[in-house]
Structures are given as C-alpha cells and as structure tokens.
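The values are calculated or read from the model by the stated rules, or taken from the named source; none is laboratory data. This structure is a prediction, so every number in the text was calculated from the model and none was measured. Here the Cβ positions follow ideal geometry from the backbone for every residue, glycine too, while neighbour counts run over all protein chains shown.
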Ligand code: DC
C-alpha cells in the first residue's frame, strides 16, 4: 500500500487553521484530524471522571480507557466521548481551559500520539494542531504554519462571539490569547513552533480564499 499523503497545518488558536484544514481536505478528498478536539476530549474525560487535573498520573489513567470517535456532520464532524455527542461540551470554556492543562503533560501527549496517528488513512490526511509537523507527522509531505497577529485573532474571535449573541470584551480576549500563546510556545514538550521545513504563512491581512489558494498552489507545486 502506498504511504498516505499527509498535510500538516499548525499554528495558534484563531489563525483559521481548522477551517483551512477542512477546506483543503474537501478539495483533495482527504481525511481530517482536528488534534485540538482530541485534547479537548481527553480533558472532558478527566473532568467527567472528576480527577484532580493537577495530578498527571490520575489524568493519564482516566484517558487510557476513553472511548472516542467522530461521525460525519453537516459541515464539521461530530465528536463522541463514551457514546455521547459532546460537540457542545468540548467547545465550552471549562473544557478549553482543562485542555490546555492536560496538553502540557508529557505522558498525555505520548498516550495521544497513536490516537492521532490512527487518523492516517488513504488517500491522505490533513492534520491541524500545534505539533503536527514537528512531532506527530514529522515526515509529512506538506507542512504549513498559519499565523496571524494576536490583535487580528482577538478581533475575529470578538466578531464570532457577537454573531453568536455572546457579549465579549476585546481587551480580555486579547489578553487570553496572549497568555495561551505564551503557554503553548514555551512548554517543554512539543511547543508550538514551525517545523524547520514548514512554510510559514502570516494571514493577518489575507482573506480566507487567498489563504486557501496559496496553500493549494503550494501543494500543486510539490506534485511537479
Ligand atoms: O486548537 P484547540 O484550541 O482546539 O486546542 C485545544 C488545546 O489543546 C489548546 O490548549 C492547545 C492544545 N493542543 C496541543 O497542545 N497540541 C495540539 N496538537 C492541538 C491542541
């Protein structure tokens, strides 16, 4: 069997990498891995089991027997944890904050490596996250690091929340983004840094369509 084709899209939260990954995968007929969702599912499992999040060993034991799968939804796929649709729960603030604690534990990251690599199936995979190109799929054929300034990401998040009817404060959002970026960039295991062979795209001033076009033409150039 030919080795499936892997495209990694890493970058900070709010850079638009999740949407880009789905668009690229749809164009190419590839599978998608939202690795952030895997960390969120692990965090939710730990929260459901009421384990002390500060205790790495207890968190590891809890997630060792978690049962997760994704089902096709109307636009994004639906995550299931232990047989329950948890699409809403994994997006709430409590889970996001637990996920960032859980994701900093080396043993958890190791445990979740095989879970993430199991998404690799023919004809190919578009994997989005923080360490897809550096740690999970270091041999990926195409590596993109999608960045945008913290201010632009805060503005986009603000608009999203307002559109959903949720009140928000742009200065608070910017502050949260900067704290999370710093934690992701400086953690000892799999910090959020571009792989040496990644193409770094700063999309602060780009439309979604031009980012997609740029990435698709980079993929096409690599085929020649
Ligand atoms: O992208 P996201 O916000 O859904 O990610 C949730 C958390 O998981 C966030 O704290 C970053 C972390 N994460 C990670 O450490 N490594 C990944 N490959 C993906 C996400």
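General observations
- Residue count for the stretch 182-205, restricted to those that are within 13 Å of the ligand (Cβ to nearest atom) and crowded, with 17+ Cβ neighbours inside 10 Å: 5.
- Residue in the stretch 122-135 that is within 14 Å of residue 36 (Cβ to Cβ), out of contact with any helix residue (DSSP H, G or I) (no Cβ under 7 Å at 6 or more places or on another chain) and not in a helix (DSSP H, G or I) present: yes
- Among the residues listed as 83, 129, 133, the single one being buried (at least 18 other Cβ atoms within 10 Å of the Cβ) and under 21 Å from residue 44 (Cβ atoms): 129
- Residue within the stretch 105-119 that is more than 14 Å from the ligand (Cβ to nearest atom), in contact with a strand residue (DSSP E or B) (Cβ under 7 Å, 6 or more places away or on another chain) and either in a helix (DSSP H, G or I) or farther than 21 Å from residue 68 by Cα (or both) present: no
- Residue match in the stretch 172-179 (condition: modelled with pLDDT of 90 or more, within 11 Å of the ligand (Cβ to nearest atom) and over 25 Å from residue 210 (Cβ atoms)): no
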